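Readers should treat all values here as calculations from the given coordinates under stated rules, not as data from a laboratory. A quick note: this is a predicted structure, and the numbers were derived from the prediction, not measured. Quick reminder, even Gly has a Cβ in these numbers, built from the backbone with ideal geometry, and neighbours come from all protein chains shown.
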C-alpha cells in the first residue's frame with residue numbers, strides 16, 4: 001500500500017470520494033463494494049482491450065510477413 005504522504009493529493013479525488021459516499025447513503029461498506037465492482041468491470045474491459053490489441057498485432061505481423069501493408 002502506498003505511503004499516504006507520497007500519494008498525490010487532488011481536490012478532485014476528495015470530491016469524487018464525497019460523491020461516491022453520498023451515492024451510497026454514507027454507508028462505508030456499500031461504498032467499498034461499489035469501488036470493487038467498478039474495479040472488476042475495468043479489469044474485464046482492460047483484458048478485452050489487451051486481447052484485441054494482441055490480435056491486431058498478430059494480424060499486422062502476418063501482413064508484414066506476406067509483404068503487404070497492415
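Recomputing Cα Rg over 2.2 N^0.38 Å from the coordinates shown identifies the correct label among [x] 1.00; [y] 1.85; [z] 1.41 as [y]. The packing ranking of peptides 44-53, 15-24, highest mean first, is 15-24, 44-53, where packing means the average number of other beta carbon atoms within 10 angstrom of each residue. Report the full-extension gain for the segment residue 34 to residue 12: residue separation times 0.36 nm, less the Cα-Cα distance, to one decimal in nm. Fully extending the segment from residue 34 to residue 12 adds 6.1 nm.
For the chain, what is the calculated [θ] at 222 nm in deg cm²/dmol (nearest 500), taking -39500 (n - 2.57) for each run of four or more DSSP H residues and dividing by its residue count?
Details: 2 runs with 51 residues, N = 70.
That calculation yields -26000 deg cm²/dmol at 222 nm.
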